[in-house]
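The values are calculated or read from the model by the stated rules, or taken from the named source; none is laboratory data. Please read all numbers here as calculations on a predicted model, not as lab measurements. Glycine gets a Cβ as well: all are built from the backbone with ideal geometry, and neighbour counts include every protein chain shown.
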Amino acid sequence: MLSAEEGAPFEVLERDGPSPFFIVCDHAGRLIPRALGSLGLSEDELARHIAWDIGAAGVARRLAAALAAHTVLQRFSRLTMALSEGQVGWIPFILERLDSVWADRPIYGNIEQLTAPPSTYMRDRVYGWLSPTTSSPSLRSAASSACARRASRL
């Protein structure tokens, strides 16, 4: 969906910083991929909290600089992209909610452009990943190694 000119969906700060901390800032940006237009929203609406967490990027940037910590900021609006730490269990619930809103509110942003329930558009657009649990010996080993490498640079 993103063109090469739009760059990566995230911004990285202090990649080689010596801090043992790793900061992730979701909802830091309010960009909309060009392929999606304005989503039927005005610039004033996109400047509001519905599109991003106002001030989150500034806080993350200050923390990154103060701690010299490797930091990743999401550049695109939460209206178009979601980073979920809850794995894939949320997908059936959000699909049901999207279909419910679509049926109840035919004019909601650019929702009038959808000719079928939103869940029908998700098949090739939403991807999930299941990671091993933290009780996994291999994951614990990998996490320990990564932390040790970070700590050795202090």
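What the table shows:
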item	result
R48 being closer than 22 Å to A28 by Cα, at pLDDT 70 or above and not in a loop (DSSP other than H, G, I, E, B)	no
Pairs, first part of a loop (DSSP other than H, G, I, E, B) and loosely packed, with under 14 Cβ neighbours inside 10 Å in the range 91-114, second acidic (D, E) and modelled with pLDDT under 75, C-beta under 6 Å, six or more apart	P106/E112
Among the candidates A82, A4, A68, A8, residue that is at pLDDT 90 or above and either among the β-branched types (V, I, T) or out of contact with any helix residue (DSSP H, G or I) (no Cβ under 7 Å at 6 or more places or on another chain) (or both)	A68
Cβ pairs under 9 Å, 6+ apart, first in the range 14-37 and of a type in the set (S, T, N, Q), second surrounded by 19 or more Cβ atoms within 10 Å (Cβ to Cβ)	S19/A64; S19/A69; S19/H70
Filter result for the condition that a residue is over 19 Å from the mean Cα position of the chain (by Cα), over 19 Å from L114 (Cβ atoms) and either among the small types (G, A, S) or surrounded by 13 or more Cβ atoms within 10 Å (Cβ to Cβ) (or both), over S3, S42	S42
Qualifying residue in the range 18-28 (condition: acidic (D, E), in contact with a helix residue (DSSP H, G or I) (Cβ under 7 Å, 6 or more places away or on another chain) and either surrounded by 12 or more Cβ atoms within 10 Å (Cβ to Cβ) or within 30 Å of L67 (Cβ to Cβ) (or both))	no
In the range 52-75, residue surrounded by the most Cβ atoms within 10 Å (Cβ to Cβ) [restricted to those that are over 16 Å from V12 (Cβ atoms) and under 12 Å from the mean Cα position of the chain (by Cα)]	W52
Odd one out for R15, checked against (1) touching a His at 6+ places or on another chain (Cβ under 8 Å); (2) in a loop (DSSP other than H, G, I, E, B); (3) buried (at least 16 other Cβ atoms within 10 Å of the Cβ)	(3)
